[in-house]
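Single-structure report; data block below.
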Amino acid sequence: MTWSGTFAGLKGTRLRLAIGLAVLLIALVRCDFLVSHHPAFGIDGTPGFAAWYGIVAAVVAIALATLWADIARRPETRTEEEERDG
Amino acid sequence: MAETLLLAPFWPLVVGSLAVAFTRGALQNLVSVAAPLLALVLVWTVPEGSATVSWLGMTLTPVAPDATARVFGTAFAFAAIAGAIFALDQKSTAERAAVLLYAAAAQGVVFAGDLLTLFVFWEVMAIGSTLVIFANGAARAGIRYALMHAFGGVLLFAGIAASMGSGGLALRAFSADSTASLLILAGVLVNAGAPPVSAWVADAYPRASWSGAVFLSAFTTKAAVAVLIRLFPGESMLVPIGLVMAVYGMVYALIENDIRRVLSYSIVGQVGFMVVAVGIGTPLALGAATAHAFVHILYKSLLMMAAGTVLRATGTARLTALGGLARSMPLVTAAMILGGLALAALPLTAGFVSKSAIMQALAEDKAATAWFLLTAVSAGSLLYAGLRLPWFAMLRPKVDPVAAAPVPVTMFAAMALVGAAILAIGFVPSLLTSLVPAIADVAVLTPDHILFQIMLLVAAAICFVMLLAILAPRAAITLDADWLWRVAPAMIGHRASAAWRAARLALIPASDAARQENRLLARAWVRMTSDAGNWRTGDIALAATALLGIVLLIAAL
């Protein structure tokens, strides 16, 4: 998938939603500076850790799924389709 | 303690299964709901203590109530009640009888007090669940499912037989350091959906009816988790196995097209969380695994109900064919969103309570790899369950959405019942922690935990919105490990036969008549080997006999 294809249709409502969520995330990170943390591994107690880790995790998950789909996905045959819907 | 045996929770379900088979109409409806209700009452009233029975020189303990059995029994009975209400309009008497037998066996597994009783209920559970799939006319999928469970049963029985010398039939904690215990572990992991045999879950469950899949999603894999808690607490091998399950389930759920296949892969992923916790093995981790199994049964039932309602109303559960249904099915949309958000552990849902317990158990055990990986999978689970499913199935605008036929109000009642339970536990975590005291000290609704989880999910949601085009469903299926035994043998056989035929023709000089005969024989051989997927009844019986022979051989060794 091309770079433009990756972000296909990112305009209008979708773009506004992405910006709104980003603003919300920034606000949450600011709040995270105000609460006391109980880290188990050090880094997980740093303010905003869940924000950047969530982005990295989601991107990696999507990349893994896309990669595996390229390798293992194949068109559904008519028989499989009928068996599935039947 | 005959009272314990007489008041075992599986009895009303066994009797109910028989009664449903011979009744019709309102009486059948009444029995199908009353039986699991009575089972729920018995889960909590069956007295402590174990009832023993002598059989063939062995002392069996068919019922041994303890805290773990009661928690799993409660979840199973609740799922059976909600499922029975959901299925009140199900016309197949065979399915309605089968699901009660299946539910009875699940109760039997978690209340079993010895290995042989456990095995017997294990096999009845396989029979009941296979009948649920057969009841929808999915004979080939049912046979594949039955064969996989027969394989798991063989491993389990061989392990039990081999372990009798060192501890009899007593339920006890094993460590995977002998052939016997490894066989038992492998047999249990087949039912848990562990790799490399995870594919049976996504192969079989979507082939059940709109109501049957609700029951299938609740019992088999969670009963396997209960058995792992009893037999392999703290088995370190389970941690990597569970982590692979969690990642595998997430990856497949992100790319599948059929809603119920997505949910089936999601079952494997979420059971992976439980398997990891069992592998950690501390009291908190085992309590967390129990709590997560309980909660998972709730939100997966709700999601399967929503998927079943869509299937029943529209005739399809494929995301590529769906969309634009939110207006015509607002309650189902709400149920799907709630179930998805609970799976993703949104605060104030039950999923947040149980996943907090698992993460705290990992943190206290300093299991860094597992903690970071499962946190990442939590973010990924929002992508497929909380966003991808509801968006592409219900919410996305569609000019010409598929027509949605009206569905009975009882289906909504069942979803409301399960949804209320998810929210009740989410708002009042003590409802769950009172059932599982081991997780009572877990910090759930604290500012840092809530903020952490919301940040994680909002971050994942941003990625979803940005990368929506990549996650769009495609009319395709994704190959899984079952390709190795479903497709590869036939393919290899076909090619080997073709090569053999060519070699014969090249090597054997003969008259034209002999060559012609060779060609006909070779074609018949290729046809026979290519069609090996369609087994005759006699061949299946032979395979079953061979499996039993292998059991005897292993036991003898």
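The values are calculated or read from the model by the stated rules, or taken from the named source; none is laboratory data. Everything numeric in this text was worked out from a predicted model, so none of it was measured. Don't worry about glycine lacking a Cβ; one is built from the backbone with ideal geometry, like all the others, and counts go over all protein chains shown. For the accessible areas, the whole protein counts, side chains as well, though only heavy atoms, and no ligand, DNA or RNA atoms are used. Shrake-Rupley method; radii C 1.70, N 1.55, O 1.52, S 1.80 Å.
Once the partner protein chains are put back, the range B:336-376 shows a loss of at least 20 square angstrom of accessible area, versus the chain by itself, at B:ALA363, B:LYS366, B:TRP371, B:PHE372, B:ALA376 (probe 1.4 Å, ligands and nucleic acids excluded).
Annotation: amide H-H contacts under 5 Å for B:GLN90 (H modelled 1.01 Å from N, sequence separation of 5 or more, or interchain): none. Taking one quarter of the surface of the convex hull spanned by the alpha-carbon atoms of chain B gives a direction-averaged projected area of 29.6 nm².
When all alpha carbon pairs of the protein assembly as shown are counted in 10 Å bins from zero, the resulting P(r) reads 3, 16, 26, 26, 17, 8, 3, 1, 0, 0 %. Each residue, B:ALA21 and A:PHE33, gets one label point 7 Å from its Cα in the Cβ direction; the gap between the two is 6.9 nm. For B:LYS398, a cut-off of 15 angstrom between C-alpha atoms picks up no aspartates and glutamates at all, skipping any fewer than 8 places away in its own chain. Using a probe of 1.4 Å on the protein chains alone, the accessible area found for B:GLU48 is around 110 Å². Entry note, the protein assembly as shown: the mean residue ellipticity at 222 nm calculated from DSSP H runs of n ≥ 4, each adding -39500 (n - 2.57), is -23000 deg cm²/dmol after division by the residues and rounding to the nearest 500. A simple spin-label model places the labels of B:ALA490 and A:VAL23 5.6 nm from each other, with each point 7 Å out along Cα-to-Cβ. Annotation: A:CYS31 carries an accessible surface of approximately 60 Å², with a 1.4 Å probe and no ligand, DNA or RNA atoms counted. Separation of the range B:294-367 and the range B:208-284, taken as the distance between their Cα centroids, equals 15 angstrom. In this simple spin-label model, placing a label point 7 Å from the Cα along the Cα-to-Cβ direction at both B:VAL428 and A:THR13 gives a separation of 3.8 nm. The rule of thumb for compact globular proteins, 2.2 N^0.38 Å, goes into the C-alpha radius of gyration of the range B:219-261 1.43 times. The accessible surface of the range B:234-385, taken with every protein chain in place and a 1.4 Å probe, is 68 percent carbon and sulfur. Over 22 Å between C-alpha atoms is what I'm after, so list which of B:LYS300/B:LYS355; B:LYS222/B:LYS355; B:LYS222/B:LYS366; B:LYS300/B:LYS366 land there. Correct reply: B:LYS222/B:LYS366; B:LYS300/B:LYS366.
Residues of the range B:428-462 whose accessible area, computed with a 1.4 Å probe over protein heavy atoms, drops by at least 30 Å² once all protein chains are present relative to their chain alone are B:ASP448, B:LEU451, B:PHE452, B:MET455, B:LEU456, B:VAL458, B:ALA459, B:ILE462. Calculated accessible area for the range B:233-482 comes out at 27 Å² per residue, all protein chains present (probe 1.4 Å; ligands, DNA, RNA ignored). Relative contact order of chain B: 13 percent, from C-alpha pairs under 8 Å at least 6 residues apart in sequence. Close amide H partners of B:LEU60, meaning residues 5 or more places away or on another chain with modelled amide H under 5 Å apart, are B:VAL53, B:SER54, B:TRP55. Spatially, the range B:391-435 and the range A:15-56 are offset by 29 Å when compared through their Cα centroids. When the surface is traced with a 1.4 Å probe over the full set of protein chains, A:TRP68 keeps roughly 90 Å² accessible. Using a 1.4 angstrom probe on protein heavy atoms only, the contact between B and A buries about 4700 square angstrom of accessible area, both sides summed.
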